[in-house]
Amino acid sequence: MQVFKTKIELGVFIASCKTRSKTIGFVPTMGALHQGHLSLIAFAKKESDVTLASIFVNPTQFNDPNDLKNYPRNEAKDLEMLLEAGCDAVFMPNEAEMYPEKDTRIFDFDGLDQQMEGAHRPGHFNGVAQIVSKLFDAVQPHKAFFGQKDFQQVAIIRKMTQSLNLPIDIIACPIVREDDGLAMSSRNQLLSSEHRKAVPLIYKTLQKARTLAYEKSVGQLQEWVEETINDSGLLRVEYFEIVDEQTLLPISSFTAGKNNVGCIAVWAGKVRLIDNVTINL
Ligand code: AMP
């Protein structure tokens, strides 16, 4: 597995892939890898000739400086895991490499960033678009693989790719969970043992909500989810929104045949976790 730290080294590798007509599958990550990330590598390997991952903790997408400071980092273990997973190459730039100067670009997501993560983390998606557009530019992948766990992020990346006219297929991959249902996340390792025991309630509640959609209104269901999780005493729901899968706009009632997604953000102590499930009639 080749490891590149600069865009120039990476560029030579990418050019050689292109001359040999190899398709490139790209998996951008912020490191502290887990099986969720490795599932994206597996999808990329299946669908491309060459699989390239990146590891970069992108400062411009953190609206909370403490979150950036505490974000888990473990480069040596990440590289071992990527090697084991059969990844062909890794791009691990430092901050100066990606931001030689301040990125002042402002992206327009046509309203897709107005609710949920976009509303609660101001500037987050603009930062995501800044780094992903730079990485797309450096890697020039044919396909890029993202997790459905960050449901709104996938919509944002698709929108950005479309607006910039990039010939890149954006592929959304299913959420990988722990045995107790907790969606895998790099931030899970920051949970105290008490909070770790409490957090499976998030997915358990979302799953129950899917069945309750038949008997409750959207508003009642939102209230039920928030109460059920908050009643644990250890967890605090920041938002639970049921949105249209395409527009990402909150729905006011369930309609048969329409795909909706219930998206949640929960504070477990100082750790903020997100998850989502489809909720349809
Ligand atoms: P991150 O390192 O958290 O920025 O995530 C890098 C990529 O891995 C993103 O596309 C995430 O959506 C994806 N990802 C993170 N957690 C999971 C998971 N549990 N299942 C599937 N994909 C995931």
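The values are calculated or read from the model by the stated rules, or taken from the named source; none is laboratory data. Being a predicted model, the structure only gives us computed values, none of them experimental. Glycine gets a Cβ as well: all are built from the backbone with ideal geometry, and neighbour counts include every protein chain shown. With ligands, DNA and RNA removed, areas are computed over all heavy atoms of the protein, side chains included. Shrake-Rupley method; radii C 1.70, N 1.55, O 1.52, S 1.80 Å.
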Note to self: Can you report the number of residues in segment 152-177 which are under 20 Å from Arg272 (Cα atoms) and either crowded, with 17+ Cβ neighbours inside 10 Å or more than 9 Å from the ligand (Cβ to nearest atom) (or both)?
What the structure shows: 5
Check: Out of all the residues in segment 259-279, is one or more aliphatic (A, V, I, L, M), open to solvent by 70 Å² or more (accessible area, probe 1.4 Å) and either in contact with a strand residue (DSSP E or B) (Cβ under 7 Å, 6 or more places away or on another chain) or outside the structural domain of Asp110 (by TED's automatic domain parsing) (or both)?
Finding: no
Check: Which residue out of Ile171, Ile156 is of a type in the set (Val, Ile, Thr), touching a residue at least 24 places away in the same chain (Cβ under 8 Å) and not in a helix (DSSP H, G or I)?
Finding: Ile171
Check: In the set Lys69, Lys7, which member is at pLDDT 95 or above and open to solvent by less than 90 Å² (accessible area, probe 1.4 Å)?
Finding: Lys7
Margin query: Regarding segment 188-196, can at least one residue be identified that is more than 13 Å from the ligand (Cβ to nearest atom) and in the same structural domain as Val27 (by TED's automatic domain parsing)?
Written below: no
Check: If you check Asp78 against the conditions, is it of a type outside the set (Val, Ile, Thr) and in contact with a Gly (Cβ under 6 Å, 6 or more places away or on another chain)?
Finding: yes
Next item on the list: Out of Ala144, Ala138, Ala155, Ala172, report the one residue that is within 22 Å of Gly11 (Cα to Cα) and within 16 Å of the chain's Cα centre (by Cα).
Entry: Ala144
Check: When segment 72-104 is examined, which residues are found to be of a type in the set (Ser, Thr, Tyr), out of contact with any Ser or Thr (no Cβ under 8 Å at 6 or more places or on another chain) and surrounded by 16 or more Cβ atoms within 10 Å (Cβ to Cβ)?
Finding: none
Next item on the list: Determine, yes or no, whether Ser232 is modelled with pLDDT of 95 or more and more than 19 Å from the chain's Cα centre (by Cα).
Entry: yes
